[in-house]
Amino acid sequence: MPAILETQNLTTNYRTMRGWVRAAEGVNIRVEKGEALGLAGESGCGKTTVAMSILKILPQGGTIRGGKIIFDGTDLVPLSENEMRKIRWKGIAIVFQGAMNAMNPVLKVGDQIVEAIRTHEPDVSSKESWERARKLFELVGIDPERVDNYPHEFSGGMRQRALIAMALAANPKFLIGDEPGTALDVIVQAQTLKLMRDLRERLGLSMLVISHDLSILAETCEKIAIMYAGRIVEYGDAESVFKEPLHPYTQGLIKAFPSIKGERIRLTSIPGQPPDLLRPPPACRFNPRCPYVMDICKKVDPPLGKSGRGDHLVACHLYD
Ligand code: SF4
């Protein structure tokens, strides 16, 4: 299967007064057409940096310092801002967390969707755009007549759905969900991800879904990549990563989350703190927190490589 999106050794850092914050380094991810990849890890591990790098919407100080982002056969890294405008929305769209902040509170939700359609497809008439906005509402399970409502008239879950409708306004090929629904309760969060999964099947979309909750990703995506301190440390089929995690960090991450369906077990947290990415630990960045740390872990950086279980990849010396 051809990849619709692939990052090759993507390295994005933030310039600060104290030096470069090494937020994402040597990141390789691959999403095939019609596939969903889940990207998991603790807050601050670089997941959102990867998403913002793909769209080239990094905050001030953020710089792509190396690597490639191949979307539909084109490397996005050297593209100008004008060229990127043609890729955003029509090629790749993003749904951020915090639906209230992402919408203009003084404009009707329908107006915001119509504006998105007409900005990216100026030939579409106003009447057609409103018709499309209503259809998008229907697609995401909101009564089409509510296009005339303001954001504050929607519940949190509806706002999140409306944001997804807005992201789909220009018929993108690729959708990024950055912690969609995280600020909402678990039921609405699960409904949002179910909606994304349904839309993927109905529209043939490809997706990158970012979350700190591995169990949600396992239900939504075919593949999962685990990120720790700016690096991908494990990658494979969702079922394989979730049921038989190989990297000590992934094992800790799974043990730290309660299972609603499974047996009741005592939750354990991963000892220590995520590292300061201004000065990450040498070699394996997980070494100060790892219960299996060996001498080699502090000297040699383990590459993401074969684990002996098909396509399941891991960056850990336990599998050398
Ligand atoms: Fe632990 Fe070493 Fe594996 Fe890193 S490389 S996760 S420190 S065993």
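Here the accessible area is traced with a 1.4 Å probe on the protein chains. For segment 92-169, carbon and sulfur cover 49 percent of it.
Rolling a 1.4 angstrom probe over the protein heavy atoms with all chains in place gives the chain an accessible area of 48 Å² per residue. Note on segment 9-91: with neighbouring protein chains present and a 1.4 Å probe, carbon and sulfur make up 50 percent of its accessible heavy-atom surface.
Here the spin labels are modelled as points 7 Å beyond Cα on the Cα-Cβ line, and at Ile296 and Lys194 they lie 4.6 nm apart.
Of the peptides 283-289, 208-214, the order by per-residue mean of other Cβ atoms within 10 Å, starting with the highest, comes out as 208-214, 283-289. Sorting 30-41, 83-94, 8-19 by their mean Cβ neighbour count within 10 Å, with the most densely packed peptide first, gives 30-41, 83-94, 8-19.
Build a GNM of the chain with springs between Cα atoms under 10 Å apart, and of Ala256, Ala24, Ala116 the one that fluctuates most is Ala256.
For segment 283-297 versus segment 85-152, the inter-centroid distance based on Cα atoms is 47 Å. With the charge dipole of the chain set up from +1 on Lys and Arg Cβ and -1 on Asp and Glu Cβ about the Cα centre, the Cα lying farthest toward the positive end among the listed residues Leu193, Met1, Thr12 is that of Thr12.
The values are calculated or read from the model by the stated rules, or taken from the named source; none is laboratory data. Just so you know, these numbers come straight off a predicted model, no measurement behind them. Cβ atoms come from the backbone with ideal geometry, glycine included; neighbour counts cover every protein chain shown. For the accessible areas, the whole protein counts, side chains as well, though only heavy atoms, and no ligand, DNA or RNA atoms are used. Shrake-Rupley method; radii C 1.70, N 1.55, O 1.52, S 1.80 Å.
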